[in-house]
Amino acid sequence: MASLTCLALAGGPAPAAGQVASPYRIKPSDVVLPPDVKLGQYQRTIRPFENWTLICDENLKARKKVCNVSQVIEDEAGKMAFSWSLAATQDGKPYMILRTAPNARSDGLVSLKFDDREPIDVHLNGCNEMVCVGMLPVGPVMRQQIARKATPAISYPTVDGQTITVTATLKGLSEALAPVK
């Protein structure tokens, strides 16, 4: 009965007059459930690979699994400078979802420069206070670069007139995708 009492108190009413509110709270799950899925019926698996992380979310009742493979590049302070994920659209077409820091110019381009070829420029679709996002279909050029385990220079302009440039790598992406196939 004591454990039930503790649970009731944790989510109980506001403190009565003269009591101090606690500065602590239970952190909600980082996994956001789709509206039609009940608690306990959703599962996330995270598998690290060289330079990439495979994340799969599965609706256990419907037996539906959705996966993406992501890479994050941080600055010295640990803030995200660039990230990208390989994911599929509803109809199964592969896309790279590019994410920049929120100070990117929303009307700017993210430029992917691979050795011995013209850069691939991607328009940003929009920004919020956390991130700016662009989408790149994975066609023959990107498939070739993935197979080559290329290391592109990725750059984008910021609102203060600077250019952020990072070096990413496609090494490890094929291995991270293998469990999904």
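The values are calculated or read from the model by the stated rules, or taken from the named source; none is laboratory data. Note that this is a predicted model, so its numbers are computed, not measured. Note that we place each Cβ from the backbone using ideal geometry, even for glycine, and neighbour counts take in every protein chain shown.
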Note on region 1-48: residues at pLDDT 90 or above and closer than 21 Å to Trp84 by Cβ are Arg44, Thr45, Ile46, Arg47, Pro48
Would you mind telling me which numbered condition in (1) at pLDDT below 95; (2) under 17 Å from the mean Cα position of the chain (by Cα) Arg63 fails?
(2)
With the structure loaded, tell me whether Met96 is within 24 Å of Ile46 (Cα to Cα), in contact (Cβ under 8 Å) with a residue 40 or more places away in the chain and touching a Phe, Trp or Tyr at 6+ places or on another chain (Cβ under 6 Å) or whether it fails that test.
yes
Give me the residue from region 36-93 that is among the hydrophobic types (A, V, I, L, M, F, W, C) and outside any strand (DSSP E or B) and, out of that set, surrounded by the most Cβ atoms within 10 Å (Cβ to Cβ).
Val37
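Residue by residue, here is whether (1) touching a strand residue (DSSP E or B) at 6+ places or on another chain (Cβ under 9 Å); (2) at pLDDT below 90; (3) not aliphatic (A, V, I, L, M) holds:
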{"residue": "Glu50", "(1), (2), (3)": "no, no, yes"}
{"residue": "Cys56", "(1), (2), (3)": "yes, no, yes"}
{"residue": "Asp75", "(1), (2), (3)": "yes, no, yes"}
{"residue": "Ala87", "(1), (2), (3)": "yes, no, no"}
Being under 25 Å from Asp107 (Cα atoms) and surrounded by fewer than 17 Cβ atoms within 10 Å (Cβ to Cβ) is the filter here; which residues of region 146-181 pass it?
Ala153, Thr158, Val159, Asp160, Gly161, Gln162, Thr163, Thr165, Val166, Thr167
Determine the pairs where a residue that is without any contact (Cβ under 8 Å) to a residue 60 or more places away in the chain, located within region 104-122, has a partner that is among the aromatic types (Phe, Trp, Tyr) and outside any strand (DSSP E or B) with Cβ atoms under 8 Å apart, the partner being 6 or more residues away or on another chain.
Ile120/Phe114
Across (1) closer than 15 Å to Leu86 by Cβ; (2) surrounded by fewer than 18 Cβ atoms within 10 Å (Cβ to Cβ), Leu112 clears everything bar (2)
If you go through region 126-139, how many residues are closer than 14 Å to Trp84 by Cα and out of contact with any Pro (no Cβ under 9 Å at 6 or more places or on another chain)?
4
Looking only at region 65-82, count every residue that is closer than 10 Å to Ala101 by Cβ and hydroxyl-bearing (Ser, Thr, Tyr) and tell me the total.
0
For region 59-118, enumerate the residues that are farther than 30 Å from Val37 by Cβ, touching a Cys at 6+ places or on another chain (Cβ under 8 Å) and not polar (S, T, N, Q).
Ala101, Ala104
